[in-house]
Amino acid sequence: MRRSLLLLCTALASCVSVPQQPTSKLQIALTIDDLPLHAPYPPGDTPDSVAAGVSGALKGLPAYGFVNAHWVADRPDTASVLPVWRAAGLSLGNHGWTHRHLSEMSVDQFEDELVRNEAVLARTSGGSDWHWFRYPFLDEGKDEQQRAAARAILAKRGYKIAAVTMDFSDWAWTAPYARCSAAKDDRAIAELERMYVQAATEGMAFARQLSREVYGRDIPYVVLLHESPFEARMLPRLIALYRSAGFRFVSLPDAERDPAYADQTNPSLPAEPKGLEGKAIARGIALPARTDFSAALAAICPGGPTASIP
């Protein structure tokens with residue numbers, strides 16, 4: 001009798017298509033800030049070469065790029081970057097016209113920064129949904145009153161907020177790479193690569209630990225990266241790193257369908273503490289340790305630009 005039931009179950013399984021569960025529940029959305037220009041650049045790099053490197057590495061993956069469109073007006077050599085991005089099947093979102101701190105503006109100025117970007121986004125988005133906003137510097141305002149006022153403007157104009165739940169300050173490698181490239185210091189560049197991979201690895205562990213402590217699970221993560229020459233160099237390795245850790249790449253809208261992002265996809269809701277760190281601190285959860293690379297990055301290959309804009 002038991003053997004007959006086993007044979008019947010086997011036969012039924014061969015005839016019925018059973019949806020397969022993904023091999024990993026870990027999900028990550030890739031977002032890239034500061035299109036079309038994140039400087040300083042090493043000798044020989046251009047906005048076009050960086051765009052080709054970054055968009056080429058991302059081709060076939062869902063990713064959003066966040067635009068400061070003043071560059072298109074002020075630097076004609078950046079004009080082809082956004083079309084290159086869209087030709088690779090990648091989406092665009094709003095990062096403010098000139099990448100200004102919200103806390104240093106009035107609410108009316110914030111709305112102007114938002115609106116001035118929209119014509120370029122509408123013209124270049126190719127019908128994709130560009131109503132996603134990433135706060136420059138992740139600055140959501142000088143106080144809760146300004147934060148709420150800015151969120152009301154975003155809600156009025158139909159925006160969702162592109163949250164950040166995984167970050168390793170990749171922007172901090174931009175100026176050191178420009179210096180070391182100008183110095184033709186291959187050994188120093190190899191050290192930059194090593195530190196970058198370590199920072200990305202620690203960033204994964206940091207975000208996952210906080211997510212499990214705050215939510216009891218891994219949420220779909222949204223990682224913050226930048227359109228820089230060093231990103232163009234390292235992005236294939238970073239994508240491989242995420243894959244080796246078991247992550248599946250999803251779009252920003254798919255990631256933020258998770259209930260953890262409810263106040264981000266609907267800015268008319270009351271704001272929660274900012275990011276995983278803010279939520280952990282609000283609950284009295286200690287932040288995990290991770291390496292501070294700032295001193296090493298500032299010291300390497302001295303004599304050139306010392307800072308970039310995050």
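The values are calculated or read from the model by the stated rules, or taken from the named source; none is laboratory data. All of these numbers come straight from a predicted model, not from anything done at the bench. Positions of Cβ are backbone-derived with ideal geometry, glycine not excepted, and every protein chain shown enters the neighbour counts. Heads up: the accessible areas ignore ligands, DNA and RNA and are worked out on the full protein's heavy atoms, side chains in. Shrake-Rupley method; radii C 1.70, N 1.55, O 1.52, S 1.80 Å.
Let me confirm something: among T265, T306, which residue is out of contact with any Asp or Glu (no Cβ under 9 Å at 6 or more places or on another chain) and either closer than 24 Å to H99 by Cβ or buried (at least 17 other Cβ atoms within 10 Å of the Cβ) (or both)? Just a single option satisfies the conditions, and that option is T306.
For the residues A73, A150, the requirement of being crowded, with 16+ Cβ neighbours inside 10 Å, hydrophobic (A, V, I, L, M, F, W, C) and outside any loop (DSSP other than H, G, I, E, B) singles out A150.
Return yes or no: is Y177 buried (at least 21 other Cβ atoms within 10 Å of the Cβ), assigned to a helix (DSSP H, G or I) and under 19 Å from the mean Cα position of the chain (by Cα)? Step through it out loud before you land on a result.
Working: buried (at least 21 other Cβ atoms within 10 Å of the Cβ): yes; assigned to a helix (DSSP H, G or I): yes; under 19 Å from the mean Cα position of the chain (by Cα): no.
So Y177 fails the test.
Checking each residue in region 92-131 for being surrounded by fewer than 19 Cβ atoms within 10 Å (Cβ to Cβ), within 19 Å of R151 (Cα to Cα) and among the aliphatic types (A, V, I, L, M) picks out V107, V115. Which of the residues spanning region 29-52 are surrounded by fewer than 24 Cβ atoms within 10 Å (Cβ to Cβ) and of a type in the set (A, V, I, L, M)? Once the filter is applied, which keeps residues that are surrounded by fewer than 24 Cβ atoms within 10 Å (Cβ to Cβ) and of a type in the set (A, V, I, L, M), region 29-52 yields L37, A39, A52.
The set of residues from region 80-127 being free of Cβ contacts under 8 Å to residues at least 40 places away in the same chain and part of a loop (DSSP other than H, G, I, E, B) comprises S80, A88, G89, L90, W97, T98, R100, H101, M105, S106, S125, G127. Output the residue which, of all residues in region 181-202 that are farther than 15 Å from L297 by Cβ and not aliphatic (A, V, I, L, M), is least open to solvent (accessible area, probe 1.4 Å). This residue is T201.
What number of residues in region 155-171 are aliphatic (A, V, I, L, M) and surrounded by fewer than 22 Cβ atoms within 10 Å (Cβ to Cβ)? Even if it seems obvious, please write down each step before you answer.
Looking only at region 155-171, we keep the residues that are aliphatic (A, V, I, L, M), and these are 155, 161-164, 166.
Add one more test, that the residue is surrounded by fewer than 22 Cβ atoms within 10 Å (Cβ to Cβ), and what stays is 155, 164.
Here the count works out to 2.
Could you check how many residues of region 79-89 are surrounded by fewer than 24 Cβ atoms within 10 Å (Cβ to Cβ) and within 18 Å of R134 (Cβ to Cβ)? Show your work before the answer.
Filtering region 79-89 for residues surrounded by fewer than 24 Cβ atoms within 10 Å (Cβ to Cβ) gives 79-80, 83-84, 86-89.
Those still in the list that are within 18 Å of R134 (Cβ to Cβ) too: 86.
Matching residues across region 79-89 total 1.
A Cβ distance below 9 Å, combined with a sequence gap of six or more or placement on separate chains, defines the contacts here; from region 56-72, residues that are touching a residue at least 24 places away in the same chain (Cβ under 8 Å) and closer than 12 Å to F249 by Cα reach residues that are of a type in the set (G, A, S) and in a helix (DSSP H, G or I) in the pairs A63/S55.
Working only within region 131-146, note down all residues that are within 17 Å of T98 (Cα to Cα) and outside any helix (DSSP H, G or I). Spell out how you get there, then give the answer.
Taking region 131-146 as the starting set, the residues that turn out to be within 17 Å of T98 (Cα to Cα) are 132-141.
W132, F133, R134, Y135, D139, E140, G141, listed by residue number.
In region 278-303, what count of residues is obtained for those that are surrounded by 18 or more Cβ atoms within 10 Å (Cβ to Cβ) and under 20 Å from the mean Cα position of the chain (by Cα)?
Applying the first criterion (surrounded by 18 or more Cβ atoms within 10 Å (Cβ to Cβ)) to region 278-303 yields 279-280, 293, 297, 300-301.
Filter once more, so that each one left must be under 20 Å from the mean Cα position of the chain (by Cα): 279, 293.
Residues that pass the stated criteria total 2.
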